[in-house]
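For reference, the structure is listed below as structure tokens.
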Amino acid sequence: MRSDANIAGPMTDPVPGPRSESLGDDVSRETPSPMDDTPIGRAAQLAVQTLGRTGEPLPRPEQTRVMVVANQKGGVGKTTTTVNLAASLALHGARVLVIDLDPQGNASTALGIDHHAEVPSIYDVLVESKPLSDVVVPVPDVEGLFCAPATIDLAGAEIELVSLVARESRLDRAIKAYEQPLDYILIDCPPSLGLLTVNALVAGAEVLIPIQCEYYALEGLGQLLRNVDLVRGHLNPKLHVSTILLTMYDGRTRLASQVADEVRNHFGNEVLRTSIPRSVRISEAPSYGQTVLTYDPGSSGSLSYLEAAREIALRGAARAGAGTQGLTVNYEPQHSMPEGKQ
Ligand SMILES: Nc1ncnc2c1ncn2[C@@H]1O[C@H](COP(=O)(O)OP(=O)(O)OP(=O)(O)O)[C@@H](O)[C@H]1O
Ligand SMILES: [Mg+2]
């Protein structure tokens, strides 16, 4: 694990908030380190400052954890979660690949990756059988983070895949043939349950479902869970829903806490204790081709994704140690999130 990115320690400062500018100024007056010259250096430093540096580094998984970020409902925070969790895990020292499996290419945009029509993309991997290594590019500013971009071509792939051999497992094959060492692969799915999402479900072992804290939050989830069961039964016995993440949580509303209670009652241990607050900073970051981790490292949105990443890493290690799924994890949050603030 890279020591310069060890930001996994106890989080001593409990008051994150919209204070990036002042934090940035403060940091620039401090003794410069070699990393100060790069955006990621500044971002990591700000996050380290905010969270505190002591404590154990996060455990790295023994095998690559392939996590499918799925929910066929649109706009619930799949892409936002994929890119910000991926950046958080990378900042925690992991090597992470984001696979953009949505023709909208939002994850590619948010990571600052060019994805115009001619760019080698995940379409070429799925439909043209190109090796994944031909399309993976490093994400600027975030060491250890990589992206397989999606172009608009992918819109046709749902149809084109139908007539291809092993149409459901083309992504799985490509990932298995990819030789670069990775700790995590996060797959950003489109808001549908078609062949693209099925390819992701066949390729992954874990499903991460972001749930927006709003009315009708659970509606439609039954269909996703049935598809997970179907894929597990027929194509991928390892597949399970490992993680539920509450997104766009607004602590000022009763509705948000009611939905959160309902989701926790329904799913129990799979729900992360950390929820992601509704945050203007989170929604602004993609228009600068950045994650919130580099856009505003000290914001509550950034800290909540760092915390969620930490929780995911610790849960994974606990499950691997126990060799079981659905285990109760003694996770103590080290940082109380300011809910409903930006
Ligand atoms: N925590 C948050 N606070 C504020 N805005 C958010 C938050 N999370 C996501 N958003 C915004 O909500 C919108 C939908 O988020 P996002 O694109 O991540 O959802 P999605 O599930 O990937 O959507 P789609 O189904 O279209 O792929 C975006 O404009 C995003 O910036
Ligand atoms: Mg999306």
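The values are calculated or read from the model by the stated rules, or taken from the named source; none is laboratory data. Just so it is clear, the structure is predicted and the values come from calculations on it, not from any experiment. In this analysis, Cβ positions are derived from the backbone assuming ideal geometry, glycine residues included, and neighbour counts consider all displayed protein chains. Keep in mind that these areas ignore ligands, DNA and RNA; they rest on the heavy atoms of the full protein, side chains included. Shrake-Rupley method; radii C 1.70, N 1.55, O 1.52, S 1.80 Å.
Here is how the numbers come out for the structure above:
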{"item": "Positive-pole candidate from Ser192, Val292, Ile244, dipole of the range 54-317, charges at beta carbon", "result": "Ile244"}
{"item": "Prolate/oblate/rounded label for the range 187-292 (Cα gyration tensor, a/c 1.5)", "result": "oblate"}
{"item": "Three-way shape call for the range 193-251 based on the alpha-carbon gyration tensor, with the a/c threshold at 1.5", "result": "prolate"}
{"item": "Cα gyration tensor category, rounded, prolate or oblate, for the range 110-199 with a/c compared to 1.5", "result": "prolate"}
{"item": "Highest to lowest packing among 306-315, 228-237, 89-98, 209-218, scored as the average C-beta count within 10 Å", "result": "89-98, 306-315, 209-218, 228-237"}
{"item": "Difference of contour (0.36 nm per residue) and Cα-Cα distance, Asp134 to Arg264", "result": "42.7 nm"}
{"item": "Per residue accessible area of the range 124-280, 1.4 Å probe, in Å²", "result": "44 Å²"}
{"item": "Over the range 54-317, relative contact order from alpha-carbon pairs under 8 Å, at least 6 apart, %", "result": "26 percent"}
{"item": "Dipole moment magnitude, nearest 20 debye, the range 79-211 about Cα centre, only Lys, Arg, Asp, Glu C-beta charged", "result": "300 debye"}
{"item": "Label-point gap, in nm, between Ala117 and Val162 - each point 7 angstrom along Cα→Cβ", "result": "2.3 nm"}
{"item": "Gain on full stretching of the segment that runs from Ile152 to Leu235 - 0.36 nm per residue minus C-alpha separation", "result": "27.1 nm"}
{"item": "Under-5 Å amide H pairs with Ile99, H placed in peptide plane, nonlocal only", "result": "Ala148, Leu186, Ile187, Asp188"}
